[in-house]
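What follows is one structure encoded as structure tokens, with my remarks underneath.
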């Protein structure tokens with residue numbers, strides 16, 4: 001395979017071409033030819049609403065980690081200098097950043113694969129891995145629309161991988177500071193990425209102990225990890241103390257919904273065997289791969305071996321048996337990053353040509369397949385989304401609604417209502433018994449699409465909703481026992497006006513909704 005010179009003009013040209021192709025492909029799919037309305041159950045409007053409020057009032061209406069929203073607001077204000085209307089500037093800022101940030105992931109991926117090898121350089125297969133990094137599976141449209149903080153977090157996490165790789169080669173105060181600084185940026189961006197970064201730290205510590213025992217480099221690494229954890233915790237406590245408290249409470253209770261918790265708590269033998277398989281099979285696979293890599297990694301420098309095995313352990317931790325099964329799909333979004341690192345090592349050091357290229361082929365194939373699939377999904381829904389946007393804009397311009405009206409609706413739809421109809425919007429779990437007197441008009445919006453959740457809302461033994469059930473209730477269609485007055489009806493959604501609270505709604509002693517009869 002042809003080798004290229006590090007830092008050559010040709011290297012930089014190829015890297016720039018990959019970034020440009022990734023940016024343009026996303027821009028065409030989610031920016032230039034995409035209506036502002038992107039579907040009812042879409043997190044895009046959450047970022048729009050947060051940013052608009054930050055520009056107008058200086059505060060976030062929903063408590064959250066602020067870095068991405070401040071970045072959006074800064075770009076939107078800059079565009080406003082040139083006369084762009086505030087709402088349009090917010091949308092443009094979001095879509096520009098979500099087209100460019102995932103594409104820029106190619107830069108740290110390039111730095112990661114560049115360092116792997118008996119001889120420094122880039123082969124054609126390594127360049128394909130860099131291209132796969134620019135089109136990370138599920139990072140093409142899924143994250144830029146639904147999980148924008150994840151997309152931003154992955155870029156920072158990839159740079160953290162690079163910084164830690166440098167730190168493993170040579171420990172210095174500057175390299176430790178860079179790693180801690182990147183972790184601090186992650187800490188003010190996204191909880192999930194911070195958890196992934198801390199898992200990476202735990203994987204590094206375990207890999208260091210495996211290869212070096214408790215010698216000095218491991219002690220340095222442990223100290224850096226402890227310092228990073230402390231800095232991250234302080235940053236979160238200062239930024240959003242309420243969400244930090246909820247996060248700790250949720251983490252403490254989530255073990256019951258993990259594979260390990262389900263194995264212990266479930267009574268059925270068949271269920272226990274299923275959960276036991278979920279615990280043991282990934283562990284055996286990782287152990288087998290680790291054994292093979294250990295036999296073949298003698299040519300890899302010591303720092304490279306630690307980094308290699310840390311990435312392997314990290315993939316396992318993302319689906320570890322003690323993690324809430326509801327969170328595993330979120331963590332699996334980060335898997336392509338360590339998978340690219342492993343593929344680069346296998347590509348360089350495996351003896352069999354088939355084994356050498358197989359991981360790279362799978363990653364590249366997944367990137368191409370998912371990029372095509374997500375693009376087609378966007379194209380196929382653009383027409384119906386444009387029609388729904390026209391209906392929302394027509395209602396907003398009709399003057400039927402007041403900014404003080406309250407619309408009760410489901411998760412994801414609430415921020416779409418707030419953005420397009422400029423009313424107040426809330427989830428049913430936040431509704432107060434006195435809201436009918438508090439607001440001039442209270443309405444319920446139902447869409448004609450299938451809700452994200454189904455089934456009854458169950459209360460615990462004390463007659464109250466658990467945090468998980470409260471979240472599930474927000475994703476289900478709102479149940480109305482009576483025939484409410486139709487306030488507005490279109491082909492895609494209906495607004496009902498509530499003159500009295502439905503008989504099947506239950507409120508607790510503090511007057512807050514918590515279930516159905």
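We did not get these values from a lab; they are worked out from the coordinates using the rules stated. Quantities reported herein were computed from a predicted structural model and do not represent experimental measurements. Note that each Cβ is placed from the backbone with ideal geometry, even for glycine, and that neighbours are counted across all protein chains shown.
How would you rank 415, 409, going from fewest to most other Cβ atoms within 10 Å of each one's own Cβ? Please list the in-between numbers first.
Values: 415 22, 409 26.
With the sparsest Cβ surroundings first, the list reads 415, 409.
Could you line up 126, 512, 272 from fewest to most neighbouring Cβ atoms inside 10 Å?
Working: 126 25, 512 12, 272 15.
Listing 126, 512, 272 from fewest to most nearby Cβ atoms yields 512, 272, 126.
Over the stretch 396-443, the Kirkwood radius and the radius of gyration, each from Cα atoms, give a ratio Rg/Rh of 0.95. Neighbour counting of Cβ atoms within 10 Å sorts the residues 269, 279, 154, 428, fewest neighbours leading, into 269, 279, 428, 154.
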